[in-house]
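Take a look at the structure set out below.
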Amino acid sequence: MKKNSTLKALLYALIAACVLVLALISCKPVQKYDRSPLAMGTDIEAVAQMQASRELAKVTPIIPLPDSKEFDRHYSYLFDDAGEDFPFRVCLPSNWDGKSKLPMVMFLHGAFNTESSYLDQEDFQMVKLADKYGMLLVSPLGGHGAYGTYLKLPGSFGRDEANASILDAQPTEERKADQCISEKDVINVIELVLANFPVDRKNMFLMGHSMGSGGTWYIGGKYPDYWKALAPISGPFVTEEGYPWGNIKDKPIFITEGSFGCATTDSSRELYDWMKERGFDVSYKEYEGNHADMVPMALPDVFEFFKAHKN
């Protein structure tokens, strides 16, 4: 009788241990990302900035500008760090019911442009595509910098000597400040939109052209918590060393380039080959256009790419 009791106790203990193991497996922590500062950008700490931007969004009203329309809305918010109002643009699907959660696409513009430059091009092509695919489109100004990254032409993927020359140069204090403000503005706008619109947080996508492509690599790698997939357009402004490749290992990437006289085409090809060899979920397409002309050619494919990877 005593032997049976001992066996029964051991069996119960074994069952309890199995239940505990299963519980621990089911409650495993979310994926941990590499939070080290990127060698190509500012020393802003990503998690702290995300939290700061969330706190800002709680107490900051977004003000519609006079040219706002019902589904194509121009906003601004007071950014105390910059001492000025920063504009951003939000385009909603015309058939939105006002309640349903929306997938979100953020677009980062190229140099010497604004939050509206690309959205207005080609008879509002990007706005119409977002409407067609039922996605909320967001375009920040990004302050007066390059979204936090210092990498620019002639530097790009595989151009180690040029990259080192650019990144080893000491930027002026004004340039450092501009880059910090630019990076913060992007995260502020994300959190302002999340606080004011019913965004489907499992389906948030990031794209950008030229300087904005560099921003896509930078913001996508440094703040991977937000993004389902990335689409850098004509701008392989990323380095092999010092970039948290593991942070985007599980994210689909769609690289696009122009094939006519683009200074970045060879680097984008190299980048695609390098990522493909290492098992990244990456695709690549070239268009018969130059650096600017290829954008309207690529955008329909970019939105189709986002649709294909939407939950």
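Among the numbered criteria (1) under 18 Å from the mean Cα position of the chain (by Cα); (2) modelled with pLDDT of 95 or more, which one does K310 miss?
Unmet condition: (2).
Filter segment 251-264 down to residues that are in a loop (DSSP other than H, G, I, E, B) and over 14 Å from the mean Cα position of the chain (by Cα) and give me whichever is surrounded by the most Cβ atoms within 10 Å (Cβ to Cβ).
T264
Take D178 and decide whether it is within 21 Å of A82 (Cα to Cα) and in contact with a His (Cβ under 6 Å, 6 or more places away or on another chain).
Yes; evaluated as a whole, the condition is true for this residue.
Quick check on segment 105-124. Is at least one of its residues within 17 Å of I190 (Cα to Cα), surrounded by 14 or more Cβ atoms within 10 Å (Cβ to Cβ) and in contact with an Asp or Glu (Cβ under 6 Å, 6 or more places away or on another chain)?
no
Mind listing whichever residues of segment 221-250 are of a type outside the set (A, V, I, L, M, F, W, C) and closer than 19 Å to L299 by Cα?
Scanning segment 221-250 gives K228, P232, S234, G235, P236.
Show me the strands (runs of 3 or more DSSP E) found entirely inside segment 65-126 where at least 2 residues are of a type in the set (F, W, Y).
Where strands (runs of 3 or more DSSP E) fall fully within segment 65-126 and carry at least 2 residues being of a type in the set (F, W, Y), they are 72-79, 84-91.
Taking the options P140, P61, P87, name whichever one is in contact with a Ser or Thr (Cβ under 6 Å, 6 or more places away or on another chain) and in the same structural domain as H209 (by TED's automatic domain parsing).
P87
For E174, all conditions in the list (1) part of a helix (DSSP H, G or I); (2) charged (D, E, K, R); (3) in contact (Cβ under 8 Å) with a residue 24 or more places away in the chain hold save one; what is the number of the exception?
(3)
I'd like the full set of residues that are polar (S, T, N, Q) and either surrounded by 15 or more Cβ atoms within 10 Å (Cβ to Cβ) or under 30 Å from R73 (Cβ atoms) (or both), limited to segment 150-196.
Across segment 150-196, the qualifying residues are S156, N163, Q179, S182, N188, N196.
Listed residues L141, L129, L92; which is out of contact with any strand residue (DSSP E or B) (no Cβ under 8 Å at 6 or more places or on another chain) and buried (at least 18 other Cβ atoms within 10 Å of the Cβ)?
Being out of contact with any strand residue (DSSP E or B) (no Cβ under 8 Å at 6 or more places or on another chain) and buried (at least 18 other Cβ atoms within 10 Å of the Cβ) holds for just one of L141, L129, L92, which is L129.
With the structure loaded, tell me whether D131 is outside any loop (DSSP other than H, G, I, E, B) and touching a residue at least 60 places away in the same chain (Cβ under 8 Å) or whether it fails that test.
Yes; evaluated as a whole, the condition is true for this residue.
What's the number of the condition R201 fails, among (1) over 18 Å from T216 (Cβ atoms); (2) assigned to a helix (DSSP H, G or I); (3) at pLDDT 95 or above?
For R201, the exception is condition (2).
Of the conditions (1) surrounded by fewer than 19 Cβ atoms within 10 Å (Cβ to Cβ); (2) closer than 25 Å to L92 by Cβ; (3) among the acidic types (D, E); (4) out of contact with any Lys or Arg (no Cβ under 6 Å at 6 or more places or on another chain), D200 satisfies every one except a single condition; which number is it?
Result: D200 passes all but (4).
Can you tell me how many residues in segment 187-214 are touching a Ser or Thr at 6+ places or on another chain (Cβ under 9 Å) and under 30 Å from P64 (Cβ atoms)?
16
One residue is enough: does segment 69-88 have a residue meeting the conditions closer than 25 Å to L299 by Cβ, among the acidic types (D, E), loosely packed, with under 10 Cβ neighbours inside 10 Å and at pLDDT below 95?
yes
The values are calculated or read from the model by the stated rules, or taken from the named source; none is laboratory data. What you see is a predicted model; the values in this text were computed from it and never measured. Cβ sites come from the backbone with ideal geometry, for glycine too, and all protein chains shown count toward neighbours.
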